[in-house]
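Heads up: the structure comes next, in structure tokens.
The values are calculated or read from the model by the stated rules, or taken from the named source; none is laboratory data. Keep in mind the model is a prediction, meaning the values are calculated, not measured. Every residue, glycine as well, gets a Cβ built from its backbone with ideal geometry; the counts of neighbours run over all protein chains shown.
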Ligand code: ATP
Ligand code: MG
């Protein structure tokens, strides 16, 4: 009825309302951060159900991260209740897995395929490169993986990769690609990029399959459209269709929302072309702009606008808010990263003490995952409750991966990467040589690795010594025992327990004195807990599931809820990109309700996309950290870093802090980084500097003031004494006193990284002469290439 529709649009501004109510032609909503794009998308779903009598099963919503998908599912759930269960709200990857499992037969695959993550893919590439006798220095698995991933993002398959190659590396990489795909298919596995590419292929090669999904999903909605790559764009296009099919199925309704200024995944092939040329891709599309920001204070918005406006070639858009100026941005220059963490912790403590914020209102951002450790240490010491999102990811720990590899072999015996991973873990006397014999046999006979193992038991593998054969026999028997257990239908956690016990994995850790092994045991227990919760929630979901509609077919190919394949699928997908273990992420909100103070969230800026917090700490704002070292002197990458800074700033609702450290330990070496250029781009009048870089006369080295390159200021050392600063000082340099730079031995070689007072960060191109005549030619990126003498007091350090 009319009343409920008004409820859905009554609190929206006219542009937002237009986007929610729009029907028909493809719709693009472009707008800056915090202008309600995600809100529009969620409301639109509710509106489709309430006002346009769409069925939940006709709706497919795609988000960029698992976290975002979970939030959207929750928001939609609040709006429409249990009916939301039949919708597909997921990431591109999850959606593709669902389609591919269902359609495996069409693609002549088995539906229990394994999903290889980045680490699995690199392992397989290492094997392939070795077997092709490639120089491991020139053809590093990481570089090969990146190259192949780029090709897949462009939908270039292994057969045509060769014809796209333009140099030696690419030609060899194309050969690797062919072999890599062959091994993947032999292992009944796909990597993340395959998930998208194969689904596109499915839709393009089998129009009847495409038509089935088009008939089914009449509404496709995509959040964060600026971060789609070419493969994902094509997938959306195939899903929606551009003209009626032969049997008359009209294109589905498409609604995408995005912000070109927040495109931060170019390194994964994302391209803002997809936003900029939406109207070309979908002629007669409609575009709606949103300009009012509902998230942040004017101060925060002005800071964000000032930074992003430095990027070239962007469409200028001004965000405004009716919220008022609010607090100034707080700036802080720390001595080192420990001092910075102490400042952040102290400030959070104070905000909470004064009742300004709860822990759960606060987020601490950093550029790269490894920066979390220092914060964690001080938070633990001070007893501040916190949670790291992403970070040293649970699912990336060795013991967790080992245990999962066993489960994967149990679900899919052909999964060679997993099988070879656990072949001798824990050690059971199957050495590299034995493994090589089996692998060679498998290659020669063109059989799977597991079949070759069975041949070994039957003594059909040449060159295998009897002791190895015995060890392999025991291993195969162990696996067979576990297969029986799986067939008997026990729950996943019990299979996992059996793996840990029967293999001796747990016993080995139990017997160890190494404290790290104790934490490994904890992680394995945590994995068992994840498995138990998985079974419970599958049971609950089954009990709550809505009666299937008569007109809706059941999903073929989807693993049975609660089964081992379903568990593995869940795990591979949460382990993707952003995520946190389910046992952690799933009930975070319950925690917050139980204890309304909640926890502080620590995460990288990439992970923070789409989220918002009343209080945000942006840390490590140093050239070489943020912007990342890699981006200095690279205009394209620098522009991407600046968009990242824009994302960071615009997460804040009320209070924003920005901090940097004068010295930070990187790669085990103390490095003096200059202030981030993004700090200078925030208008000075918006920042209230709580502590600035020490000025000359501020004690210590007189030269320090120039070195730090910071703002001239009062250098209030008193603020420092307020903070319990832990850890290193600048005197950490070899035998150096205050004036450390004079004593640093500048023996430079080509390729070394340096930091110069005046020119900033650079890379040594070449060196010449020796002793007092030694010189170096150094590339300082935008500051140019400079030849410098290396004698006397050089205002430069080697990093
Ligand atoms: P981002 O670019 O960061 O993803 P976004 O454009 O998706 O941001 P939302 O997260 O949807 O923005 O909205 C930002 C905040 O503003 C949310 O708290 C949302 O509830 C609120 N908001 C959006 N529109 C309105 C409105 N019309 N009235 C009140 N609050 C609104
Ligand atoms: Mg959003």
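On the stretch given as the range 42-58, residues that are under 27 Å from the mean Cα position of the chain (by Cα) and under 23 Å from residue 573 (Cα atoms) total 1. Taking the criterion of being under 25 Å from residue 654 (Cβ atoms), in contact with a helix residue (DSSP H, G or I) (Cβ under 7 Å, 6 or more places away or on another chain) and either without any contact (Cβ under 8 Å) to a residue 24 or more places away in the chain or part of a helix (DSSP H, G or I) (or both), the residues of the range 257-300 that qualify are 261, 262, 299, 300. What number goes with the only condition from (1) closer than 30 Å to residue 207 by Cα; (2) in contact (Cβ under 8 Å) with a residue 60 or more places away in the chain; (3) touching a strand residue (DSSP E or B) at 6+ places or on another chain (Cβ under 7 Å); (4) more than 16 Å from ligand 2 (Cβ to nearest atom) that residue 344 does not pass? For residue 344, the failing item is (1).
For the range 24-45, indicate whether the set of residues that are more than 11 Å from ligand 1 (Cβ to nearest atom), over 21 Å from residue 203 (Cα atoms), in the same structural domain as residue 228 (by TED's automatic domain parsing) and out of contact with any helix residue (DSSP H, G or I) (no Cβ under 7 Å at 6 or more places or on another chain) is non-empty. Give the steps one after another, and end with the answer.
Restricting attention to the range 24-45, the residues satisfying the condition of being more than 11 Å from ligand 1 (Cβ to nearest atom) are 24-28, 44-45.
If we keep only those that are over 21 Å from residue 203 (Cα atoms) too, we end up with 24-25, 27-28, 44-45.
Right, trim to in the same structural domain as residue 228 (by TED's automatic domain parsing) and you get 24-25, 27-28, 44-45.
Keeping just the survivors that are out of contact with any helix residue (DSSP H, G or I) (no Cβ under 7 Å at 6 or more places or on another chain) gives 24-25.
Yes, the conditions are met somewhere in the range 24-45.
Scanning the range 17-40 for residues that are closer than 21 Å to residue 84 by Cβ and within 16 Å of ligand 2 (Cβ to nearest atom) gives 19, 20, 36, 37, 38, 39, 40. Counting only residues that are crowded, with 22+ Cβ neighbours inside 10 Å, part of a helix (DSSP H, G or I) and more than 23 Å from the chain's Cα centre (by Cα), the range 214-230 holds 1 of them.
What do you reckon, is residue 497 under 30 Å from residue 560 (Cβ atoms) and at pLDDT below 85?
no
Would you call residue 16 within 12 Å of ligand 1 (Cβ to nearest atom) and at pLDDT 90 or above? The answer is yes for residue 16. Scanning the range 273-287 for residues being surrounded by fewer than 21 Cβ atoms within 10 Å (Cβ to Cβ) and either within 16 Å of ligand 1 (Cβ to nearest atom) or assigned by TED's automatic domain parsing to the domain that holds residue 634 (or both) gives a total of 1. Close Cβ contacts (under 7 Å, 6 or more residues apart or on different chains) running from residues in the range 323-338 that are assigned by TED's automatic domain parsing to the domain that holds residue 618 and without any contact (Cβ under 8 Å) to a residue 60 or more places away in the chain to residues that are crowded, with 17+ Cβ neighbours inside 10 Å and not in a helix (DSSP H, G or I) comprise 323/297; 324/297; 325/297.
A count restricted to the range 409-461 and to residues that are out of contact with any strand residue (DSSP E or B) (no Cβ under 9 Å at 6 or more places or on another chain) and not in a helix (DSSP H, G or I) stands at 17. Could you grab me the full set of residues in the range 41-71 that are touching a residue at least 60 places away in the same chain (Cβ under 8 Å), within 16 Å of ligand 2 (Cβ to nearest atom) and closer than 24 Å to residue 238 by Cα? Scanning the range 41-71 gives 41, 44, 45, 61, 62, 63, 64, 65, 66, 68. Could we say that residue 50 is in a helix (DSSP H, G or I) and in contact with a helix residue (DSSP H, G or I) (Cβ under 6 Å, 6 or more places away or on another chain) here? Yes, satisfied. Being within 22 Å of the chain's Cα centre (by Cα) and not in a loop (DSSP other than H, G, I, E, B) is a property that residue 61 has.
Do any helices (runs of 4 or more DSSP H) entirely within the range 95-188 hold 2 or more residues that are over 23 Å from residue 414 (Cα atoms) and modelled with pLDDT under 95, and if so, which? Counting at least 2 such residues, we get 141-153, 158-164, 168-186.
Rundown of residues vs (1) within 20 Å of the chain's Cα centre (by Cα); (2) surrounded by fewer than 20 Cβ atoms within 10 Å (Cβ to Cβ); (3) within 16 Å of ligand 2 (Cβ to nearest atom); (4) in a helix (DSSP H, G or I), yes/no style:
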| site | (1), (2), (3), (4) |
| --- | --- |
| 601 | yes, no, no, no |
| 633 | no, yes, no, no |
| 641 | yes, no, no, yes |
| 645 | yes, no, no, yes |
| 654 | no, yes, no, no |
| 662 | no, no, no, no |
